[in-house]
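What follows is one structure encoded as structure tokens, with my remarks underneath.
Just so you know, all these numbers are worked out from the coordinates, no wet-lab data involved. Keep in mind that this is a model prediction, so the values were computed, not measured. Heads up, the Cβs are rebuilt from the backbone with ideal geometry, glycines too, and the neighbour counts pull from every protein chain shown.
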Amino acid sequence: LNKYEEIEDLKKHLLYKNRETYTNILFYISTHNLKDDELYGIEMDIIVMALNAQQRGDSLSDIIGENPKEFCNQIIAESKKKSTFTKFKDIVVNLFLAIDIYIVIVFLVNALIDINQLTVFTLGHLIFVIITFFEFEFLFHYLKKEAIITKHRFNYTTVGFLGLIIIIISAVLLVNFYNIKLFEINLWLLGIVAFMTIVPKLLFNIGKNIKTQNL
Amino acid sequence: MYDDTQIKKGILDGCILKIVSQQETYGYEIINILDFYGFGKLSEGTIYPILKRLQNKGFISSEFKKSSLGPKRKYYRITDTGMDQFDKFVVMWNNTSSSLNKLLEEGDYFE
């Protein structure tokens, strides 16, 4: 098992209450731009701590003390952070991924209507995807930070409602800028690009999950 | 009663270095040893950030090991740099405690 699969495997042994506490801690810590290896180390440490506590009949909340936020802040203070460049690079990579997925969805929807048409990617589309991306980034960042205070995972009704508002605002901008053409692309070409970028990744993940379940 | 939390916080680094210098050990055992020596029952939430700090500074190293009794555990041991740091801690502590004892025992400075 690689390190991430090992974490997933260990997580399965956590009791629901401990898994919830663990998730809230990780949500909070993950909003502080720690290096990936550092975050992985903390994840592993907390899971192992929780499993050992479980075995003694304690809960994760019992062993981290009364103030989980203070516990997290102390860990964050002792951890190595990502550089500003890495933070920026991560945002750009995720943004491009969001644009990629959005383009695929738009073109596939259009393909259902007319496979031979040229679909236009406009400034409206670009603004829609960028704003939606940053709004969701902000929303999840806020909710992940709050989870440790409310001691509950995301309230899905709130997320759904706020998400809907975000989509509506972005859609209004999309309509306003819809006619400003950025580029045109043929659906067949897009189909090949999508196949080459997304499908192998999906197949790899599916294969990995099957392999993990069989172990 | 006097709140000794801050005093304990200041010296826990040295105490943990002393414990891991004797034998490779894990978080919960460190807590029990500290309790045995009268530091009270500390939580793992208190000592984990200290262990992390000591490890980041290179004073201790760690390794996950399987346990026959249950889930695996993270074992800590002192490094050569940690031993040097512990020696410095002992000197600092001796100086501090000697100054404090002198102040408390020698009576009034203004007399």
Under 5 Å, built H, 5+ apart or other chain: amide partners of A:LEU14: none
Listed residue (A:ASN24, A:GLN55, A:LEU39) projecting farthest to the positive dipole end of segment A:1-67, Cβ model: A:GLN55
A:LEU97/B:SER21 FRET efficiency (R0 51 Å; Cβ-Cβ; nearest 0.05): 0.60
Projected area, mean over directions - segment A:46-143, Cα convex hull, nm²: 10.6
Of B:TYR48, B:ILE11, B:GLY38, farthest towards positive along the dipole that unit charges on Lys, Arg, Asp, Glu beta carbons give segment B:1-79: B:TYR48
For A:LEU34, residues with placed amide H under 5 Å, excluding near neighbours: A:LYS82
Long-range amide H partners of A:THR122 with built H, under 5 Å: A:LEU182
Qualifying trypsin sites (Lys or Arg not before Pro) in segment A:3-48, DSSP loop, other Cβ atoms within 10 Å at most 12: A:LYS12
Fully extended contour minus Cα-Cα distance, from A:GLU6 to A:PHE177, at 0.36 nm per residue: 56.9 nm
Computed Rg/Rh of chain B, alpha carbon atoms with Kirkwood Rh: 1.07
In order through segment A:35-52: 3J(HN,Hα) via Karplus (6.51 cos²θ - 1.76 cosθ + 1.60), integer Hz, x for Gly, Pro: 4, 4, 5, 5, 5, 4, x, 5, 4, 4, 4, 5, 4, 4, 4, 5, 5, 5
Length gained when the stretch A:ASP62-A:LYS35 is fully extended (0.36 nm per residue, less Cα-Cα span): 7.0 nm
Average other protein chain Cβ within 10 Å of Cβ, residues A:171-179: 0
For residues of A:45-51, the mean tally of beta carbons on other chains within 10 Å: 5
Cα-centre dipole for the protein assembly as shown with unit charges at Cβ (Lys and Arg positive, Asp and Glu negative), debye to 20: 900
Which listed pairs, of A:LYS69/A:LYS144; A:LYS69/B:LYS8; A:LYS81/B:LYS65; B:LYS57/B:LYS88, have C-alpha distances above 18 Å, in listed order: A:LYS69/B:LYS8; A:LYS81/B:LYS65
Residue mean of other protein chain beta carbons inside 10 Å, B:40-48: 6
Phi to ³J(HN,Hα) by Karplus 6.51 cos²θ - 1.76 cosθ + 1.60 over segment B:93-98, Hz, x for Gly, Pro: 5, 4, 4, 5, 5, 5
Spread of Cα-to-Cα distances over 5 Å intervals beginning at zero, given as percent, for segment B:1-63: 4, 16, 33, 28, 12, 5, 2, 0
Cross-link pairs beyond the 31 Å C-alpha cut-off, checked among A:LYS145/B:LYS9; A:LYS89/B:LYS52; A:LYS11/B:LYS18; A:LYS12/A:LYS82: A:LYS11/B:LYS18
